[in-house]
Amino acid sequence: MPEKVHVKINGAETSVEGNQTILQMLTDSSIEVPNVCYHPSLGPIETCDTCLVSVNGELVRSCSTKIKDGDVIDTAGAE
C-alpha cells in the first residue's frame, strides 16, 4: 500500500499518495495544471515548462517533481 504524505495545496491541507509526481497528484485531485509535452505512457519530457507550479516557494516542473511530505504547493501563483 502506498505511503500517505501530508501536503498543502492552494492553502488546503490534505493527505495524498506519496509515490507520484506533483502533476499526477494534482490531476488525480481534479486540479488542472496546463501541460503540453507530458503523457502518462512516456513520462516527463521536460521541454515545455507549461506545468510549472510553486513548491515550497520555488518554481518546479510538476511533471517530474516527486511529491514529498510537508510540501506546500501553489498552482495559482505560478501563472
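The values are calculated or read from the model by the stated rules, or taken from the named source; none is laboratory data. The structure displayed is predicted, hence computed values, not measured ones. Glycine also receives a Cβ, built like all others from the backbone with ideal geometry; neighbour counts cover every protein chain displayed.
What to note about this one:
Residues are listed down the side, and each one gets a yes or a no for (1) in a loop (DSSP other than H, G, I, E, B); (2) over 11 Å from Ile73 (Cβ atoms); (3) β-branched (Val, Ile, Thr); (4) touching a residue at least 60 places away in the same chain (Cβ under 8 Å):
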| site | (1), (2), (3), (4) |
| --- | --- |
| Gln24 | no, yes, no, no |
| Thr27 | no, yes, yes, no |
| Ser30 | yes, yes, no, no |
| Cys37 | yes, yes, no, no |
| Ser41 | yes, yes, no, no |
| Ile45 | yes, yes, yes, no |
| Cys48 | yes, yes, no, no |
| Val53 | no, no, yes, no |
| Leu59 | no, yes, no, no |
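- Subset of the stretch 1-22 (residues that are assigned to a strand (DSSP E or B), closer than 15 Å to Asp74 by Cα and small (Gly, Ala, Ser)): Ala12
- Condition met for Lys68 (of a type outside the set (Ser, Thr, Tyr), in contact with a Ser or Thr (Cβ under 6 Å, 6 or more places away or on another chain) and either surrounded by 11 or more Cβ atoms within 10 Å (Cβ to Cβ) or at pLDDT below 95 (or both)): no
- Test: Gly70 is assigned to a loop (DSSP other than H, G, I, E, B) and on the phi > 0 side of the Ramachandran plot: yes
- For the stretch 38-65, filtered to residues that are loosely packed, with under 12 Cβ neighbours inside 10 Å and among the small types (Gly, Ala, Ser), the residue that is farthest from the chain's Cα centre (by Cα) is Ser41.
- Top-ranked residue in the stretch 1-22 [being free of Cβ contacts under 8 Å to residues at least 24 places away in the same chain and among the aliphatic types (A, V, I, L, M); ranked as surrounded by the most Cβ atoms within 10 Å (Cβ to Cβ)]: Ala12
- Residue in the stretch 61-79 that is farthest from Val5 (Cα to Cα), counting only those that are in contact (Cβ under 8 Å) with a residue 60 or more places away in the chain and in contact with a helix residue (DSSP H, G or I) (Cβ under 8 Å, 6 or more places away or on another chain): Thr75
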